[in-house]
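Here's the structure, in structure tokens; my notes come after.
The values are calculated or read from the model by the stated rules, or taken from the named source; none is laboratory data. No experiment lies behind these values; they were computed from the predicted model shown. With ideal geometry, Cβ positions are generated from the backbone for all residues, glycine too; neighbour counts draw on all protein chains shown.
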């Protein structure tokens, strides 16, 4: 698909993903626009996104809406790199380096850091984490049963991933609430309710500094007083004579806090809503949970599309689906759109846990940046829904309140009752 690129006429697409109001709409409303783009203009040109932290030095962005093209971009990092940023809007360079860890790296730099971090997830460590997740899910549902009404996000969805992540990494109990608050700030700075009059940059900077400080202090403590937790293993990890630097440990703690939270948290919430909307699917899962849950989880993630997009940057002039993309152009992979692509998924607007083939892009579209923590998200989803389906058959959820933002498909609150 590489090709010399001629000058193009910069005509922005009439279906625009750039305004803040587009991202304040519901997923169903955005899908109407995505379908037009998938069917008519699968690679489309848009103005820089509104509401960024700084003025963009670009004249527009490409949006990729079909599953096939999202996968192509993901699997060809030599053409579409991550090292120049993965967010849809420009972010100061110091924040990029401090917050993205190996997500914002390419080539050997990415693979070396990923191998170092992966080395601590031994079979024994993974089994230990699995046991922790099961006991956490049980305890969370124990508490749920004692509270007949409330906010499902606060009572269930928010608790499990943060408990898992911070128990796994070894963060002391008294530091967890503040760390979780800062993790929320990393993805919710564009929401007016969350901002409460503060500037987005202020929220993002405070959240980042808070997480980095916590991660670095924990790393230093574990160097001098190692235990059996993940941070103790990370500060000692070595591959080919290479160890993680303080900057890398801090950035990974930020990544773990943010990415480890959002995928599971929002998939739990959106799946609870889907199982109520599609009771036949809940019944299928209840009849034979052990046989159905693994393919069901793939549908949970496809349906929720908890991470809505990632950006790549063209490393050279290239042609993609008939569009001439110049070196340095930004390409936005619209995962939410790819997961509703009729060319790949039969009846994509139906929540169907029995799909035989489900090549969703909820963990990325493949390639070197496929989500390293997908195994952990699946553990958590399997454990929490086992508890919810068999122990809380009378769970009923109400109308969700969504977070305004262009990165995560997030629910701020979801009222529930136990009738």
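Remarks
- Of the residues making up region 163-201, those that are at pLDDT 80 or above and outside any helix (DSSP H, G or I) are 170, 171, 172.
- Flag for residue 44 being at pLDDT 95 or above, buried (at least 22 other Cβ atoms within 10 Å of the Cβ), more than 23 Å from the chain's Cα centre (by Cα) and at negative phi: yes
- Remark: residue 112 matches the filter, which requires a residue to be over 21 Å from residue 262 (Cα atoms) and either loosely packed, with under 15 Cβ neighbours inside 10 Å or in contact (Cβ under 8 Å) with a residue 40 or more places away in the chain (or both).
- Any hit, region 367-380, residues being surrounded by fewer than 18 Cβ atoms within 10 Å (Cβ to Cβ), within 28 Å of residue 36 (Cβ to Cβ) and out of contact with any strand residue (DSSP E or B) (no Cβ under 7 Å at 6 or more places or on another chain): yes
- Residue selected from region 225-257 under the condition under 28 Å from residue 187 (Cα atoms), in contact with a helix residue (DSSP H, G or I) (Cβ under 9 Å, 6 or more places away or on another chain) and not in a helix (DSSP H, G or I), by the criterion modelled with the highest pLDDT: 229
- Qualifying residue in region 207-221 (condition: surrounded by 15 or more Cβ atoms within 10 Å (Cβ to Cβ), modelled with pLDDT under 90 and either in contact with a helix residue (DSSP H, G or I) (Cβ under 7 Å, 6 or more places away or on another chain) or more than 18 Å from residue 162 (Cβ to Cβ) (or both)): yes
- Filter result for residue 375 (out of contact with any helix residue (DSSP H, G or I) (no Cβ under 6 Å at 6 or more places or on another chain) and over 17 Å from residue 309 (Cβ atoms)): yes
- Tally of residues being over 24 Å from residue 403 (Cα atoms) and either part of a strand (DSSP E or B) or touching a residue at least 60 places away in the same chain (Cβ under 8 Å) (or both) across region 129-141: 8
- Residue within region 385-395 that is closer than 29 Å to residue 332 by Cβ and touching a residue at least 24 places away in the same chain (Cβ under 8 Å) present: no
- When region 1-20 is limited to residues that are at pLDDT 90 or above and either touching a strand residue (DSSP E or B) at 6+ places or on another chain (Cβ under 8 Å) or not in a loop (DSSP other than H, G, I, E, B) (or both), the one that is farthest from residue 305 (Cα to Cα) turns out to be 11.
- Any hit, region 100-108, residues being surrounded by 14 or more Cβ atoms within 10 Å (Cβ to Cβ) and in contact with a strand residue (DSSP E or B) (Cβ under 6 Å, 6 or more places away or on another chain): yes
- Considering (1) out of contact with any strand residue (DSSP E or B) (no Cβ under 7 Å at 6 or more places or on another chain); (2) within 28 Å of residue 185 (Cβ to Cβ); (3) at pLDDT 75 or above, the lone condition that residue 39 does not fulfil carries the number (2).
- When each of 204, 160, 144 is tested for being in contact with a strand residue (DSSP E or B) (Cβ under 9 Å, 6 or more places away or on another chain), buried (at least 21 other Cβ atoms within 10 Å of the Cβ), in contact (Cβ under 8 Å) with a residue 12 or more places away in the chain and assigned to a helix (DSSP H, G or I), the lone residue that passes is 144.
- Residues that are farther than 28 Å from residue 193 by Cα and surrounded by fewer than 17 Cβ atoms within 10 Å (Cβ to Cβ) within region 381-415 comprise 390, 391, 392, 393, 394, listed in sequence order.
- Verdict on residue 30 being buried (at least 17 other Cβ atoms within 10 Å of the Cβ), farther than 23 Å from residue 266 by Cα, touching a helix residue (DSSP H, G or I) at 6+ places or on another chain (Cβ under 7 Å) and modelled with pLDDT of 90 or more: no
- When restricted to residues that are part of a helix (DSSP H, G or I) and over 20 Å from the mean Cα position of the chain (by Cα), region 47-67 contains 0.
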